[in-house]
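Read through the structure below, which is laid out as structure tokens, and then see the notes.
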């Protein structure tokens, strides 16, 4: 019976973090769950993402967006989303901007992205930005992200 | 001959599965999904994801717990060796060769690599990891295993194993239900254009003939509402005698998503939960 209790507790923990209905429990289990590889607040590619269903402004999937890369040799490269690989580019980009959207910064994330984007170019990346047709109050789209030296 | 084949297929499908068979099947499908992830994503890009530039430094992790593998950051050989051990243990787990011991060795290494690079993570890995941890406490090598063994924990009574399976089913059902209910406030789901809107978004929608067909407004409307109905009715059907119908619906639902959207290994992650739909119906 202890196994059943543990399993139910695990499920409740996951549900409480993913769909907060009991903040004390979710605060308590959030980090342990992450250590167990269950990142409930991870950026899933579903419409559950705040970026996808943000009712304050507009959901991002209703706007055109693109990626502009500035290279160290002075050239500029416009990258279309269909050129991007899911694990190399899309996931890091989405995670990076989700963190920016929550008011955080992640210079290491920027460095990682700059390294990943190099696979699309013939030179090192000096900066990039994700452009959107419409401005979004929360996410730092259309703002140049500088790569570390 | 076709009749005979169909009857055999029907008999296999509608036969009663024991709880131990369901646990074993969960192990096999989960292991298979993670193996496919290792082979198609991790191994071809191992250097990029975990060595040199890919190994995100500890300072980055204000948002995530640091991986214990950081202590071996300077030694690429050790990282490669640890991954090789992880891969072998995963094979043993999937095939059922001392599966429980393989899982005990696999878990810390697998979770170490999971935490080592948060930039390649999305939903499927979380679902797989949850199942990995659950199967640690379940009898997973009693039936369909290369080496059938008694579980190291005390044997589950029938009532206990049934309750555990039911709780897995509750979790899966709630997962779908919340995924559906969270879409309701979104006007694009209510007016029926969400599927074509999402597929039109080049970050998610693939570029193939199926997507082009679905972008038709009428087809998109039907699929949008069908998605909402499937997700929100799952919990109500899962505890009836029609539960096995969800196997088919869910299989095609997730297959369809995989064919039209770039969502990684989400299909395999969900399928590894579906054996719980084979719970013996009450008579």
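Nothing in this text is a laboratory measurement; each read-out follows from the coordinates by a stated rule. Only a predicted model underlies this, so the values are computations on that prediction, with no experimental measurement involved. Please note: Cβ atoms are built from the backbone with ideal geometry, for glycine as well, and neighbour counts cover all protein chains shown.
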For B:68, B:189, order by how many other beta-carbon atoms lie within 10 Å, fewest first: B:68, B:189
All Cα pairs of the stretch B:16-138, percent lying beyond 20 Å: 43 percent
Per-pair calculated FRET efficiency, R0 = 41 Å: residue B:225 and residue B:84 via Cβ, rounded to 0.05: 0.30
Choice from B:86, B:272, B:167 with maximal GNM fluctuation in chain B (Cα, 10 Å cutoff): B:167
Segment residue B:68-residue B:5, extension gain: residue separation times 0.36 nm, minus the distance between their alpha carbons: 17.5 nm
Shielding by other protein chains, B:106-115, mean Cβ within 10 Å: 2
Cβ-Cβ FRET estimate between residue B:233 and residue B:51, R0 fixed at 60 Å, reported to 0.05: 0.80
Normalised contact order of the stretch B:157-273, rounded percent, pairs of Cα under 8 Å and 6 or more residues apart: 30 percent
Ranking of B:73, A:89, B:110 by count of other Cβ atoms within 10 Å, fewest first: B:73, A:89, B:110
Globularity ratio of the stretch B:157-273, using Cα Rg and 2.2 N^0.38 Å: 1.17
FRET efficiency, 1/(1 + (r/R0)^6) with R0 41 Å, evaluated for residue A:120 and residue A:2 via beta carbons: 0.20
Alpha-carbon gyration tensor eigenvalues x 5, square-rooted, for the stretch A:60-146, Å: 19, 15, 13
Chain B: C-alpha gyration tensor shape, a/c 1.5 cut-off, then a/b vs b/c: oblate
Difference of contour (0.36 nm per residue) and Cα-Cα distance, residue B:257 to residue B:216: 13.1 nm
Gain upon complete extension [residue B:75, residue B:144; 0.36 nm per residue less C-alpha separation]: 21.0 nm
Shape call, the stretch B:80-173: gyration tensor on alpha carbons, a/c limit 1.5: oblate
Over chain B, relative contact order from alpha-carbon pairs under 8 Å, at least 6 apart, %: 26 percent
For B:121-132, mean number of other protein chain Cβ atoms within 10 Å: 6
Residue A:9 paired with residue B:184, simple spin-label distance in nm, labels 7 Å along Cα-to-beta-carbon: 3.2 nm
